[in-house]
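The values are calculated or read from the model by the stated rules, or taken from the named source; none is laboratory data. Computed from a predicted structure; not experimentally measured. Neighbour counts are summed over all protein chains in view; Cβ atoms, including those assigned to glycine, are modelled from backbone coordinates with ideal geometry. The area values use the complete protein model at the heavy-atom level, side chains included, leaving out ligands, DNA and RNA. Shrake-Rupley method; radii C 1.70, N 1.55, O 1.52, S 1.80 Å.
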Amino acid sequence: MKDTERAAIAQRPLLRVEGVSRRYGARIGCAEVSFDLWPGEVMGIVGESGSGKTTLLNCLAGQLAPDAGRVMFDTRDRGMVDTLDMSEAERRMLGRTDWAFVHQHAQDGLRMNVSAGGNVGERLMAVGARHYGNIREQAIDWLDRVEIAEDRVDDRPSAFSGGMRQRLQIARNLVTGPRLVFMDEPTGGLDVSVQARLLDLLRGLVREMGLSAIIVTHDLAVVRLLADRLMVMKSGHVVETGLTDQVLDDPQHAYTQLLVSSVLQV
Amino acid sequence: MSAYNFAYLDEQTKRMIRRALLKGMAIPGYQVPFASREMPMPYGWGTGGVQVSAAVMVPEDCFKVIDQGADDTTNAVSIRRFFQATAGVAVTEKTAEASVIQTRHRIPERDLRQGQILVYQVPIPEPLRFLEPSEVETRKMHALEEYGLMHVKLYEDIARHGDISTSYAYPVKVEGRYVMDPSPIPKFDNPKLGMAAIQLFGAGREQRIYALPPHTDVVSLDFEDYPFQAGKADHDCDLCGAGSSYLDEVITDDAGGRMFVCSDTDFCRERREAGHVGALGVEAVA
Ligand SMILES: Nc1ncnc2c1ncn2[C@@H]1O[C@H](COP(=O)(O)OP(=O)(O)OP(=O)(O)O)[C@@H](O)[C@H]1O
Ligand SMILES: [Mg+2]
């Protein structure tokens with residue numbers, strides 16, 4: 001979709017980020033980051049290790065308090081609201097309804113001592129589902145969508161491979177139909193062949209569900225496949241932003257040129 | 001006896017515990033932290049319950065202690081003796097006569113009345129502990145009423161056993177607000193939690209007190225398609241013939257002989273004294 005088409009459908013962005021900064025003592029985590037994310041758009045954040053990607057993502061997702069800036073989200077009932085002004089109860093509610101967070105390490109986003117079905121069902125129960133049969137049916141349906149066989153529904157994730165765990169984490173996050181998904185290196189730490197399958201799956205889900213997402217990654221192949229737009233970070237600052245293909249095929253900033261030419265070890 | 005303050009604890013400590021109890025009564029089901037004292041008995045022997053009993057006891061009280069329904073276990077006997085010695089209160093085995101009843105693992109069969117106090121010894125007060133080990137996180141969940149996790153536990157039960165297999169410490173929601181662990185009573189006793197007596201819960205090691213005022217609305221958690229069932233052995237008491245009491249299975253010999261008897265010894269004795277006889281019972285000599 002072109003930006004103009006998208007703007008015609010959505011009157012306003014889903015997420016508006018204004019001047020978000022976060023320091024760790026004297027060290028800069030991220031500085032002065034601003035951008036709009038439109039409904040249905042996937043934004044990639046790339047940059048070398050230590051450039052501030054995770055810091056920024058955590059600030060956006062309400063997991064880390066920024067020192068300055070605003071993170072406005074288009075809520076269902078109150079329109080654009082600064083999530084930093086929300087009560088903790090409201091923010092946590094958002095965290096299990098309209099928002100989802102996929103961690104790099106699946107065990108950080110799963111309950112390892114709860115069955116796969118229970119992991120997927122948790123968000124449903126958290127928003128009031130009280131019919132066991134329906135919860136289980138939805139869990140099985142979602143396991144199927146992430147290519148986990150139905151007969152694994154009662155197994156614990158500790159018995160799953162790395163790739164399966166990551167797919168389970170994705171199912172657990174998407175089951176309540178979130179509008180915005182945050183992902184930090186969702187394919188990091190996986191074998192290359194497993195990565196490819198996961199990427200394929202993610203791309204399918206993003207398209208099918210019309211998800212908006214912010215994906216942090218080292219891997220330019222990931223953003224090439226998933227992201228509509230790209231932000232390139234260096235030392236906490238955004239140095240270049242644009243449509244993914246444009247940035248990757250015709251990088252303007254010297255740092256991005258290095259990044260794309262793979263001279264930099266990212 | 002004069003070596004102790006009344007009911008062992010000093011007055012300042014009792015006041016501190018009473019304040020926690022009042023707060024607990026004002027917010028039914030909410031776990032109030034309190035500074036648990038060392039008691040002259042090991043944790044696991046009901047030090048939380050003993051401190052609560054000590055804090056509410058007055059010289060006119062008549063005290064009863066049950067352990068799994070029985071008045072005559074070592075644990076029950078030693079706690080009863082403790083308060084006989086330190087408070088000089090009357091003691092009884094009769095539920096109807098007691099004004100304060102300390103219990104481990106049971107609610108008496110006989111309906112408790114207004115004016116009576118039931119004190120529970122609680123080992124683990126936090127119902128969410130099983131799935132969420134972080135105390136900070138569970139406190140937040142209570143504060144924000146995020147109780148989805150409790151149903152995850154019940155979901156796991158059904159997924160694994162085909163049914164909600166939790167049969168003790170079955171979680172309840174109190175007055176539509178706090179999720180509470182009713183201590184390890186059998187779920188058979190859950191329907192009695194809305195009783196007319198005051199119920200006080202003391203966890204010594206975990207330093208928590210919570211309470212249910214008379215006639216509190218207490219609902220056992222469940223699923224629409226797996227509704228809560230109190231459950232009961234498919235049997236009558238072999239001694240007194242009671243058909244609706246909670247039963248213990250007792251092995252009677254090496255040859256696999258067994259019988260079912262009321263876990264509430266006072267209830268069973270009263271029935272036998274009133275002339276009721278079970279399948280393996282002998283008529284009581286009244
Ligand atoms: N908890 C922390 N305390 C102090 N400094 C931190 C902390 N977390 C991050 N930093 C610093 O902030 C900067 C940005 O770190 P961040 O983790 O956001 O980078 P990143 O781009 O996600 O890196 P990577 O690709 O390695 O995950 C780095 O200089 C890092 O050392
Ligand atoms: Mg990172």
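Overview of results
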item: The stretch A:220-256: number of residues that are touching a residue at least 40 places away in the same chain (Cβ under 8 Å) and closer than 25 Å to A:ARG197 by Cα; result: 10
item: So A:PHE182, is it away from every other protein chain (no Cβ under 14 Å) and touching a residue at least 60 places away in the same chain (Cβ under 8 Å); result: yes
item: A:ASP219 being under 21 Å from A:ASN58 (Cα atoms) and open to solvent by 40 Å² or more (accessible area, probe 1.4 Å); result: yes
item: Residues that are more than 8 Å from every other protein chain (Cβ to nearest Cβ), of a type outside the set (A, V, I, L, M) and in a helix (DSSP H, G or I), drawn from the stretch B:141-159; result: B:HIS142, B:LYS153, B:ASP157
item: Restricting the stretch A:191-219 to residues that are among the β-branched types (Val, Ile, Thr) and touching a strand residue (DSSP E or B) at 6+ places or on another chain (Cβ under 8 Å), the residue that is farthest from ligand 2 (Cβ to nearest atom); result: A:VAL206
item: All helices (runs of 4 or more DSSP H) inside the stretch A:1-120 with 1 or more residues being within 14 Å of chain B (Cβ to nearest Cβ) and within 16 Å of ligand 2 (Cβ to nearest atom); result: A:106-109
item: Matching residues, the stretch B:111-167, being within 19 Å of the chain's Cα centre (by Cα) and among the β-branched types (Val, Ile, Thr); result: B:ILE117, B:VAL119, B:VAL122, B:ILE124, B:THR166
item: Search result, residues across the stretch B:71-95 that are among the charged types (D, E, K, R) and surrounded by fewer than 20 Cβ atoms within 10 Å (Cβ to Cβ); result: B:ASP72, B:ARG81, B:GLU93, B:LYS94
item: Residue in the stretch A:156-163 that is open to solvent by less than 50 Å² (accessible area, probe 1.4 Å) and in contact with a strand residue (DSSP E or B) (Cβ under 9 Å, 6 or more places away or on another chain) present; result: no
item: Failed item, numbered, when B:ARG106 is tested on (1) open to solvent by less than 20 Å² (accessible area, probe 1.4 Å); (2) at pLDDT below 95; result: (2)
item: Among the candidates A:PRO178, A:PRO186, A:PRO251, residue that is of a type outside the set (Ser, Thr, Tyr), out of contact with any Gly (no Cβ under 6 Å at 6 or more places or on another chain), farther than 27 Å from A:ARG156 by Cα and in a loop (DSSP other than H, G, I, E, B); result: A:PRO251
item: Some residue of the stretch B:114-123 being open to solvent by 10 Å² or more (accessible area, probe 1.4 Å) and over 24 Å from B:THR73 (Cβ atoms); result: yes
item: Qualifying residue in the stretch A:253-263 (condition: hydrophobic (A, V, I, L, M, F, W, C) and open to solvent by less than 20 Å² (accessible area, probe 1.4 Å)); result: yes
item: Count of the stretch A:160-179 residues which are farther than 28 Å from A:GLY47 by Cβ and away from chain B (no Cβ under 14 Å); result: 6
item: Residues (crowded, with 20+ Cβ neighbours inside 10 Å and within 12 Å of chain A (Cβ to nearest Cβ)) located in the stretch B:160-182; result: B:ILE164
item: Matching residues in the stretch B:238-255 - criterion: being assigned to a loop (DSSP other than H, G, I, E, B) and open to solvent by 40 Å² or more (accessible area, probe 1.4 Å); result: B:LEU239, B:GLY243, B:SER244, B:TYR246, B:THR252, B:ASP253, B:ASP254, B:ALA255
item: Matching option when the condition is under 30 Å from A:LEU259 (Cα atoms) and either open to solvent by less than 60 Å² (accessible area, probe 1.4 Å) or within 16 Å of ligand 1 (Cβ to nearest atom) (or both), among A:GLY188, A:GLY133, A:GLY177, A:GLY128; result: A:GLY188
item: Checking B:GLN199 against (1) part of a loop (DSSP other than H, G, I, E, B); (2) in contact with a strand residue (DSSP E or B) (Cβ under 9 Å, 6 or more places away or on another chain); (3) within 30 Å of B:ARG139 (Cα to Cα), the condition it does not meet; result: (1)
